[in-house]
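Enquirer: Let me begin by handing over the structure; questions about it come next.
The values are calculated or read from the model by the stated rules, or taken from the named source; none is laboratory data. Just so you know, these numbers come straight off a predicted model, no measurement behind them. Quick reminder, even Gly has a Cβ in these numbers, built from the backbone with ideal geometry, and neighbours come from all protein chains shown. With ligands, DNA and RNA removed, areas are computed over all heavy atoms of the protein, side chains included. Shrake-Rupley method; radii C 1.70, N 1.55, O 1.52, S 1.80 Å.
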Amino acid sequence: MLQKVSIFLLALLFVTHPVSAQLSSYCGQLSETDCALMLDAQQSLQELHSATLNRASMISQNLHDDFRMEVSASGTVANLPLMQGLNLTAAPNLNAELTIAVDLSNLPTGLPSWEDMPEHAEINVRVIDGILYIDMDSLVPPNPTLHGWVSIELSTLMPPMPNTEPPPPTPEGYEPLLTGTNVDQLAAVFDQEVLNQFVNVVRSGDTFETWVDFAAMYAHPIFQTALRESLINNHWANIAPNTVTDEALNELAAMMAEIFPEPIMLNALTVDPEERVVRGFQFWGMLDFSVMIEAGIKGNDITQWSQSSFQTNADFDNYNQVVLAVAPVDAQPISPDILQNIPIMRMFFPLPPPPQNTDG
C-alpha cells in the first residue's frame, strides 16, 4: 500500500500520465457534435504542460470490507514532461507546489503496520530543479524535532525503476486479456449494437461519462464467446482450453454479477466547451482484475476475495498559465532516512530498498 501512495504522488506530478493511459476514443451513443467535443478535449491533454490543481485524489478501497484510504493534493504543477512513465529523475525542469493530505479515518482496526499513523495528515511540498522541499512547520499533526523547510534530492526517494533494457518480444498475435475494463479494446472486438448493451457513454452537463455493466457483459453470449477465445489464446493466462466450458463461463458471470451488481463508471471527463480542453477527470480501476478473471474461470470463488479498487480524480484550472514556484530560502538539506522517524512521512515518502549485493 505504501508503494501505491508513492506512485500516486509521482502521478500527481505527471497528471497527463494516468489520463493518457485510460482515455477512450469510443463515443457510443453520443451525437457527432458531442463526440467531437470529447475527442478534442482529450487531445488538449497532449499539449498540457502546466495547471492549477484545485484537487487531485486517489481513493483506494476494498469492495467487501471497510478498508478505505484517500490521498489528495492541491496546488500548481508546471513544466510537465510529455512522456510515458513516472521517472522524476528524467524531468529536471519539473516545477510543483502542492499541499498533500491523507485520510486514514476509515481503516479497519488491528493493522500493525498502521498503528502509529494519524487518521488525518497533510504537508506542503515543492519540487524545483530535481529537489524536493518539505515545509516541516506545515505538517499536521506537527513534529517536535524538525522545523522550517528541508530539502532532499528527489532521486533518493525514487522507488527502483524497471530495467531500461527493451522488453522481450511478445508472442505473435498476443493481445491483453479481454476483461471489459478497456473500452477501446471492447470497441475493436464488438460492433456497436452489441457494445451498447453493456457500455454506455453519456453527456451530463459538461461531463462525459463512460459506464460499463459488468454483470450484463459477462452474461452476454457474444462476450462469453470472445472471452473464451481470449482466455485460451492469452499466453500469460495459462488456461487449458477444456477449462473454459459453458458452465465455467456462466459461473464466472454469476460471480461477476455478485461483485458488480450495478454498472461502474470507468471514467468521466469534464470539459470546457468553449476552449475545448479538459478541466477534470475521474478514473476507476482494479490492479488485479485479470488475475481475478483467470481465477474465476478455474472455479475459484472470487466473490470471497478482498478485491481492491482505486479511483483517481482531478479538477484543474489555469490551463498552461501557471506561475512557476520558487525554492524556499535557507532550506536545510537532510538525509531521507530522517523522515522515517515520522510516521506519516514513511507513508508519503517510503525509502526504496537498499541495492542488493551482487558480490560473490
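Enquirer: Does the stretch 41-53 hold any residues that are open to solvent by 70 Å² or more (accessible area, probe 1.4 Å) and either part of a loop (DSSP other than H, G, I, E, B) or closer than 22 Å to residue 204 by Cα (or both), and which are they?
Expert: Scanning the stretch 41-53 gives 43, 49.
Enquirer: Is it the case that residue 303 is touching a residue at least 24 places away in the same chain (Cβ under 8 Å), touching a helix residue (DSSP H, G or I) at 6+ places or on another chain (Cβ under 9 Å), on the phi < 0 side of the Ramachandran plot and assigned to a helix (DSSP H, G or I)? Reasoning before the result, please.
Expert: Values: touching a residue at least 24 places away in the same chain (Cβ under 8 Å): yes; touching a helix residue (DSSP H, G or I) at 6+ places or on another chain (Cβ under 9 Å): yes; on the phi < 0 side of the Ramachandran plot: yes; assigned to a helix (DSSP H, G or I): yes.
Yes.
Enquirer: Hey, can you tell me all the residues within the stretch 126-154 that are of a type in the set (Ser, Thr, Tyr) and touching a Ser or Thr at 6+ places or on another chain (Cβ under 9 Å)?
Expert: 133, 138
Enquirer: Among the residues of the stretch 276-290, which ones are aliphatic (A, V, I, L, M) and in a loop (DSSP other than H, G, I, E, B)?
Expert: Residues of the stretch 276-290 aliphatic (A, V, I, L, M): 277-278, 286-287.
Answer for the stretch 276-290, where residues must be aliphatic (A, V, I, L, M) and in a loop (DSSP other than H, G, I, E, B): just 287.
Enquirer: Still on this structure, please answer the following. Among the listed residues 2, 10, which satisfies the condition of being open to solvent by 10 Å² or more (accessible area, probe 1.4 Å), farther than 30 Å from residue 259 by Cα and at pLDDT below 90?
Expert: 10
Enquirer: Right, something else. Kindly check whether there is at least one residue in the stretch 335-342 that is at pLDDT 90 or above and surrounded by 17 or more Cβ atoms within 10 Å (Cβ to Cβ).
Expert: Looking through the stretch 335-342, none of the residues is at pLDDT 90 or above and surrounded by 17 or more Cβ atoms within 10 Å (Cβ to Cβ).
Enquirer: Would you check if there is a residue in the stretch 164-181 being modelled with pLDDT of 90 or more, under 30 Å from residue 30 (Cα atoms) and either open to solvent by 30 Å² or more (accessible area, probe 1.4 Å) or part of a strand (DSSP E or B) (or both)?
Expert: Yes.
Enquirer: While we're looking at this one, here's another question. Can you report the number of residues in the stretch 25-37 which are in contact with a Phe, Trp or Tyr (Cβ under 9 Å, 6 or more places away or on another chain) and farther than 17 Å from residue 187 by Cα?
Expert: 2
Enquirer: Another question, if that's okay. Note down all Cβ pairs under 7 Å where the first residue falls in the stretch 21-39 and is within 12 Å of residue 203 (Cα to Cα), the second is modelled with pLDDT of 95 or more and aromatic (Phe, Trp, Tyr), and they're at least six residues apart or on different chains.
Expert: Partner pairs satisfying both residue conditions: 38/208.
Enquirer: Which ones in the stretch 293-326 are polar (S, T, N, Q), open to solvent by less than 70 Å² (accessible area, probe 1.4 Å) and closer than 20 Å to residue 271 by Cβ?
Expert: Hits for the stretch 293-326 are 311, 312, 313, 320.
Enquirer: Pick from 210, 225, 243: which is open to solvent by 10 Å² or more (accessible area, probe 1.4 Å) and at pLDDT 90 or above?
Expert: Answer to the check: 225.
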